[in-house]
Amino acid sequence: EVGFALCVYKPNDMQRRYTWSMVLLVAMAFVKGQQRNIMNATVRRGRERTGALFSSLAGLLSQSQLPKTAKSSRRTLLRPTFLTTTSTINEFSTNETEYDFDYFVIGAGSGGIASARRASAYGKRVALVESGRIGGTCVNVGCVPKKVMWNAARIAETVHDMSHYGFSGLDDISFDWRVLKEARDMYIQRLNRIYDINIKNSGIAQISGHGYFEKGEKNHVKVKDPDGSIKSYTAKHILIAVGGTPVIPEGEGIIEHSITSDGFFDLEEQPRKAVVVGGGYIAVEIAGVLQALGTDCKLVIRQEYAMRTLDEEMQRQGIEIFRYTDGLDRVELDRITGLKTVHLKNGEIIDSVDTVLVMAPGRRPNVDSLRLEEAGVEVSESGHIVIDEYSETTADGIYAVGDVVGKVELTPVAIAAGRRLADRLFGGEQFVDAKVSYDLVPTVIFSHPTIGTVGMTEEDAKQKYGEQNVKVYKSKFANIYYGPWQVEQQDKPKTAMKLVCVGEEELVVGLHVIGMGADEMLQGFGVALKMGATKADLDATVAIHPTAAEEFVTMFPWGLSRDVSGAKQSPLNGSSPPRPTSTTTA
């Protein structure tokens, strides 16, 4: 009203400036009042109200005769809360003014960042503390750089295969580890910058340092800055998303002369002869990469098999497997040659080794410096934080997601858990029961060849439902890629598939594949299992030919399963495709 009055009254410059100052103050007060209402609304309603408010103010102010400098200042003051920068974060406080932040996230990995940004989208004041590089394990020393190395290994394998397709010149092809490492590191640094920009654009306060708790200080987080100074912050809700850290076993010279999976990505030179200790998927993946790129790789495992389904393929690659070793005993360094001798607990010795990679004990929760006991946060015997189905810990107002809880230790799971937690805390009634599901999570092992799995194994299904209620479909074949190879059929690498079905309706509770392309074919089948697909549903889907994935929808015997669909609208027997239940006209 004051603004419109100005357009009619036409005061002098002094009066105009004073009056517009009052307009801005009133507008800010109005914005704060509107924000309190927005906080308790859904995201859609909140954004609609915020957008309408700022559109109205922008339209009103655009009619004024304000100087250009004043207009520039106006745009900074009237930013919506979900774009608030750290410098203006206290301008739009909630009615919970006793806290510095609504949400304080410890750990800027995939899960922590996802949860922080989702909370910020609801207009909340969010802080994110991290002592290392932005992006956590996955971006810096996990999924992303690993996939780059896997891609390089896959190219190397293709180069070796090219003679089967009439190509020659293998002797003139060389590989430079340093070139690959430099390109990979530049890619990771670019991702770090993208994460940093996204966090800033979300209006999240970034804090560098180690976060921890102190006894008796509820809703408080202490942060030790890089310079050693201590600061204290308060928040209504606190999320722990610090991930895991590699474990190195005890033994003479092991810590001094070995590296972990994290250290693998710091190697400046390609190992000539490497020993990989461990039978888990990380060990298998790294061993496969090294062997494919030309390193003489040895795999040390405690029992008979690393991964039973991969054992034959690893040996085909040329990886020598040391079995029944009971683990690593000690590592000795020859200070003259710089080479190492690896002693195994069963007495076997591997000499002239330049790189020892220890993966055997795996990873553990990175919680040592958090002082969880002082905050009343319970941990399990393995050190993982105990949570309920809603990611709540045993301490009120403290939550945890990701590898630190030990549920399903995969990046997409941490992201989903973090977002759903923020939805439940800040998204209003629409998300009051929001939580992540840890069931039917698709998983891929980037071995050579790849393995894809979703749902139950055959053994798990029989144990849960009874052997008499489980039916298994299997197929094993050579991919068409190997068709032109002039070698015996039994020598061609095989693709193997399995469907695990339960009940008379043959509900698919498990789907597993090993072979070329397993990584890219699994995602779609993961959706099908989440939606309750039966064997009949798969049979009702027309195959894409020629592909490996078509085997899942043509698996013998085809079309003879009971006519039962798990779909909301049955696709069986030539039915029409699903239609939306409600639409609007233009």
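The values are calculated or read from the model by the stated rules, or taken from the named source; none is laboratory data. Source: prediction; values computed, not measured. Here the Cβ is made from the backbone with ideal geometry for all residues, glycine too, and neighbour counts use every protein chain on show. Just so you know, the surface numbers come from the protein's heavy atoms only, side chains and all, with ligands and any DNA or RNA stripped out. Shrake-Rupley method; radii C 1.70, N 1.55, O 1.52, S 1.80 Å.
Which count do you get for residues in the stretch 390-422 that are within 18 Å of residue 214 (Cα to Cα), open to solvent by less than 50 Å² (accessible area, probe 1.4 Å) and in a loop (DSSP other than H, G, I, E, B)? Spell out the reasoning first.
Initially, the stretch 390-422 is screened for residues within 18 Å of residue 214 (Cα to Cα), giving 393-400.
Subset that is open to solvent by less than 50 Å² (accessible area, probe 1.4 Å): 393, 395, 397-400.
Now narrow it down to the ones that are in a loop (DSSP other than H, G, I, E, B): 393, 395, 397.
Within the stretch 390-422, residues that are within 18 Å of residue 214 (Cα to Cα), open to solvent by less than 50 Å² (accessible area, probe 1.4 Å) and in a loop (DSSP other than H, G, I, E, B) number 3.
Would you mind telling me which numbered condition in (1) of a type outside the set (Val, Ile, Thr); (2) at pLDDT below 95; (3) under 31 Å from the mean Cα position of the chain (by Cα) residue 490 fails?
Condition not satisfied by residue 490: (3).
Do we find that residue 482 is open to solvent by less than 20 Å² (accessible area, probe 1.4 Å), out of contact with any His (no Cβ under 6 Å at 6 or more places or on another chain) and at pLDDT 95 or above in this structure?
On the way: open to solvent by less than 20 Å² (accessible area, probe 1.4 Å): no; out of contact with any His (no Cβ under 6 Å at 6 or more places or on another chain): yes; at pLDDT 95 or above: yes.
No: the conditions fail for residue 482.
Look through the stretch 327-366, keep the residues that are over 19 Å from residue 287 (Cβ atoms) and acidic (Asp, Glu), and return whichever of them is surrounded by the fewest Cβ atoms within 10 Å (Cβ to Cβ).
334
Residues in the stretch 83-108 that are modelled with pLDDT under 95 and in a strand (DSSP E or B): how many? Working first, answer last.
Step one: filter the stretch 83-108 for residues modelled with pLDDT under 95, giving 83-98.
Restricting the remaining residues to those that are in a strand (DSSP E or B) gives none.
The total comes to 0.
With respect to residue 543, determine if the residue is in a loop (DSSP other than H, G, I, E, B), open to solvent by less than 20 Å² (accessible area, probe 1.4 Å) and out of contact with any His (no Cβ under 8 Å at 6 or more places or on another chain). Please lay out each step first, then the result.
Values: in a loop (DSSP other than H, G, I, E, B): yes; open to solvent by less than 20 Å² (accessible area, probe 1.4 Å): no; out of contact with any His (no Cβ under 8 Å at 6 or more places or on another chain): yes.
Taking the combined requirement at face value, the residue does not satisfy it.
Quick one: residue 500 ticks every box in (1) among the aliphatic types (A, V, I, L, M); (2) modelled with pLDDT of 95 or more; (3) more than 19 Å from residue 449 (Cα to Cα); (4) surrounded by fewer than 17 Cβ atoms within 10 Å (Cβ to Cβ) except a single one, so which number is it?
It is condition (4) that residue 500 fails.
From the list 203, 211, 111, which one is part of a helix (DSSP H, G or I) and either among the small types (Gly, Ala, Ser) or surrounded by fewer than 22 Cβ atoms within 10 Å (Cβ to Cβ) (or both)? Walk me through how you get there before you give the answer.
Numbers: 203 fails: part of a helix (DSSP H, G or I); 211 fails: part of a helix (DSSP H, G or I).
Within the list 203, 211, 111, the selection yields 111.
Within the bounds of the stretch 116-125, is there any residue that is at pLDDT 95 or above, under 20 Å from residue 368 (Cβ atoms) and of a type in the set (Phe, Trp, Tyr)?
No: zero hits.
Keeping to the stretch 249-264, report how many residues are touching a residue at least 12 places away in the same chain (Cβ under 8 Å) and either surrounded by fewer than 16 Cβ atoms within 10 Å (Cβ to Cβ) or among the hydroxyl-bearing types (Ser, Thr, Tyr) (or both). Give the derivation first.
Of the residues in the stretch 249-264, the ones touching a residue at least 12 places away in the same chain (Cβ under 8 Å) are 249, 251-254, 256-264.
Those left that are additionally either surrounded by fewer than 16 Cβ atoms within 10 Å (Cβ to Cβ) or among the hydroxyl-bearing types (Ser, Thr, Tyr) (or both): 249, 252, 256, 258, 260-263.
Qualifying residue count for the region: 8.
With the checklist (1) touching a helix residue (DSSP H, G or I) at 6+ places or on another chain (Cβ under 8 Å); (2) surrounded by 23 or more Cβ atoms within 10 Å (Cβ to Cβ) in hand, flag the one item residue 283 doesn't pass.
Of the numbered conditions (1) touching a helix residue (DSSP H, G or I) at 6+ places or on another chain (Cβ under 8 Å); (2) surrounded by 23 or more Cβ atoms within 10 Å (Cβ to Cβ), the odd one out for residue 283 is (1).
In the stretch 250-327, which helices (runs of 4 or more DSSP H) lie fully inside it and hold 3 or more residues that are closer than 11 Å to residue 448 by Cα, of a type in the set (A, V, I, L, M) and under 30 Å from the mean Cα position of the chain (by Cα)? First the steps, then the outcome.
On the way: elements: 254-257, 261-264, 281-292, 311-317.
Hits in the stretch 250-327: 281-292.
I'm trying to understand the selection: among the residues of the stretch 447-487, which are among the basic types (Lys, Arg), under 32 Å from the mean Cα position of the chain (by Cα) and closer than 18 Å to residue 534 by Cβ?
Keep residues of the stretch 447-487 that are among the basic types (Lys, Arg), which gives 462, 464, 471, 474, 476.
Next, only the ones that are under 32 Å from the mean Cα position of the chain (by Cα) stay: 462, 464, 474, 476.
Hits for the stretch 447-487 are 464, 474.
Can you spot a residue in the stretch 378-389 that is in contact (Cβ under 8 Å) with a residue 40 or more places away in the chain, assigned to a loop (DSSP other than H, G, I, E, B) and surrounded by 16 or more Cβ atoms within 10 Å (Cβ to Cβ)? Walk me through it before giving the result.
Applying the first criterion (in contact (Cβ under 8 Å) with a residue 40 or more places away in the chain) to the stretch 378-389 yields 385, 389.
Of the ones still in play, those that are also assigned to a loop (DSSP other than H, G, I, E, B) are 389.
Adding the requirement that they be surrounded by 16 or more Cβ atoms within 10 Å (Cβ to Cβ) leaves none.
Within the stretch 378-389, not a single residue is in contact (Cβ under 8 Å) with a residue 40 or more places away in the chain, assigned to a loop (DSSP other than H, G, I, E, B) and surrounded by 16 or more Cβ atoms within 10 Å (Cβ to Cβ).
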